[in-house]
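Working notes, structure below.
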Amino acid sequence: MSHAAVAGRHRAAGFTLLEILVALVVLGFLLVGLMQGVRFGVLAWDTQARIIARNGDIDAIDRTIRRLIAELDPGLTDDPPTVTGDAHVLQIRTVLPEGASNLVTRDADVSLRVDQAHRLVLRWSPSPHAERLTKAAAGGETVLMANVDHIDVAYWHTDPKASGWIGSWSDPGPPQLIRVHIAFPKGDPRRWPDIIAAPTRTRIDE
């Protein structure tokens, strides 16, 4: 048997070194691609979990602020205004959420503002106009969110000559709408749509 025939038989029986090296390189590329896919999946899952957790907090705060505005005390004609906020502080007389049912009264004067520590804070004290059967509870403060730059508050004014959003409110009756914009520090990735809510209670004397 010739030398060429023997060499051909050996090549047919196994892989050459070059073929093994090529197979190893291809396998390496496949493993790298697989690891990148797994890493991307883990990152996507982690990002989604953080977004869900963050949105859960945002949704709870959003519902709380909307509820307080909706339950805003419309007051009486001879009463002082129940809305006295400005462009960066919302001050209203309203009804606290049901979680405050252990209080003597849920009617309270509430303010929403950003304090010096850049926290979005909800402060409240029992309304002096609420009927008290026992000693009134002291006021309280709840931190809704940290690392907030400021809030912008606007009130919908229905002047027949020039209706629109204004930056302060002192009329006897409540505005038709209240808008709260929460601004975060520069570079903060959080974004929050404006909260726009309407007082739903009507005056008794109307």
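Computed from the coordinates by the stated procedures, all read-outs in this text should not be read as laboratory data. Note that the structure is predicted; figures quoted are calculated from it, not measured. Counting neighbours? That spans all protein chains shown, and the Cβs are built from the backbone with ideal geometry, glycine included.
See the values below:
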read-out	value
Ordering of 61-74, 164-177, 19-32 by packing [mean C-beta count within 10 Å, highest first]	61-74, 164-177, 19-32
Karplus-derived HN-Hα couplings along segment 157-164 (A = 6.51, B = -1.76, C = 1.60, θ = phi - 60°), whole Hz, x at Gly and Pro	9, 9, 5, x, 7, 7, 7, x
Estimated inter-spin distance, ALA23 and ARG119, nm [label 7 Å along Cα→Cβ]	6.5
Segment ALA60-LEU144, length gained on full extension (0.36 nm per residue, minus Cα span)	29.3 nm
